[in-house]
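All remarks here apply to the structure that follows.
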Amino acid sequence: MLRAYGVTDKGRIRPTNEDRFAILDELGLCVIADGMGGHNAGEVAARLAVDAIVDFVQESHRGAALLGDRALDWPFGFDPDFSADGNLLRTAIQIANVQILEMAGSADRFAGMGTTVVAARAVGARLVVGHVGDSRLYLLTDGRLRQVTRDDSWVASVLAQDPHVDPVLLQHHPMRNALTNVVGARPRTDVHVMEEALRDGDVLILTTDGVHGVLSDEQLRLAAQHDPEPEVMAHHVLAAALARGSRDNCTVIAARYENDQLKY
């Protein structure tokens, strides 16, 4: 069981909020997106992505309940390296990618729009994550915070090639905010899928870069540990980001995994 709560704020500088999120407790699903594009097109891209992912997961769940595995369709193929649940999120994000591309081609005001995405599900005692871009998912276990996702960014690419580069120097580079992979940029996006076991009491924290761009891992850990309740936790992390002077939209989802089998 996943108990989750999300909160978003346009921040102190931006006139609009181009972040979107959704939570479906009954399916253990959390989705967060950070849109980009002129004339508020980023807001449209983020909304399309979140809605597409939620709709596909819901429809697949209903279809599987009625028809079993025969209900599942894999229009982008099935990757045997991942479970059916991993492929489900992978497919959902690819569908979102297609819908954003179609909308981008429908009017000049939508041209070039795109979005980051992190979609996470608790399936039994297993965490399944699909993501694109630089929005993040962290896992807090026994007081230790770990970033599960990896950023699709120029900075992350440079550090991967040369881990000895000083990250502080990169924060002043003109390419520091450039993304190398987003939903809506090309006909088929590169969806990263991760799966791992969950432990009772694990906490998931999903953030857009308005949050983790100003909070260090230690600051995020301390803010998240302020209270065990997801609602209080999410508000506290958001408040910490705003207090640190975030200039971007800020969105946080906090979710606590509880293993019902251990309660009896």
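Just so it is clear, none of the values below were taken in a lab; they were calculated from the coordinates. Worth saying up front: this structure is predicted, and the values here are computed from it rather than measured. Virtual Cβ from ideal backbone geometry, glycine too; neighbours counted across all protein chains shown.
Taking R0 as 51 Å, what's the FRET efficiency between Arg144 and Arg109 from their Cβ-Cβ distance, rounded to 0.05?
So the FRET efficiency works out to roughly 0.70.
If you take the beta carbon distance between Ala156 and Asp79 as r and set R0 to 22 Å, what does 1/(1 + (r/R0)^6) give as a FRET efficiency, to the nearest 0.05?
0.45
What is the dipole size for the range 19-136, taken about its Cα centre, with +1 at each Lys and Arg Cβ and -1 at each Asp and Glu Cβ, in debye to the nearest 20?
Rounded to the nearest 20 debye, it is 80 debye.
With θ set to phi - 60° and the Karplus curve 6.51 cos²θ - 1.76 cosθ + 1.60, what are the ³J(HN,Hα) couplings of the range 92-105 in order, to the nearest whole Hz, using x for Gly and Pro?
4, 5, 5, 5, 4, 4, 5, 5, 5, 4, 5, 5, 4, x
Measure out, as a whole number of angstrom, how far apart the alpha-carbon centroids of the range 33-50 and the range 214-229 sit.
So the two Cα centres are separated by 27 Å.
Which order do the peptides 90-98, 6-14, 181-189 come out in when sorted by mean C-beta neighbours inside 10 angstrom, highest first?
Packing order, densest peptide first, comes out as 90-98, 181-189, 6-14.
According to a simple spin-label model (label point 7 Å from Cα along Cα-to-Cβ), what is the distance in nm between Glu231 and Arg186?
Simple spin-label model gives 4.4 nm for this pair.
Can you work out ³J(HN,Hα) from phi for every residue in the range 248-257, in order, using Karplus 6.51 cos²θ - 1.76 cosθ + 1.60 and θ = phi - 60°, giving whole Hz and x for Gly and Pro?
Running phi through 6.51 cos²θ - 1.76 cosθ + 1.60 with θ = phi - 60° gives 10, 4, 10, 9, 9, 10, 10, 9, 10, 8 Hz.
Could you quote the convex hull projected area for the chain, Cα atoms only and averaged over all directions, in nm²? Intermediate results must be reported in sequence, preceding the final value.
Working: hull surface 59.2 nm².
If you wrap the Cα atoms of the chain in a convex hull and average its projections, you get 14.8 nm².
Contour minus end-to-end for Arg244 and Asp260, with contour as 0.36 nm per residue of separation and end-to-end as the Cα-Cα distance?
The Arg244-Asp260 span can extend by a further 2.0 nm.
Could you list Phe21, Phe82 so that the one with the fewest beta carbons within 10 Å of its beta carbon is first and the one with the most is last?
On the way: Phe21 22, Phe82 17.
Sorted ascending by nearby Cβ count, the order is Phe82, Phe21.
For the pair Ala64/Gln219, report the inter-label distance in nm, with labels modelled 7 Å from Cα in the Cβ direction.
3.9
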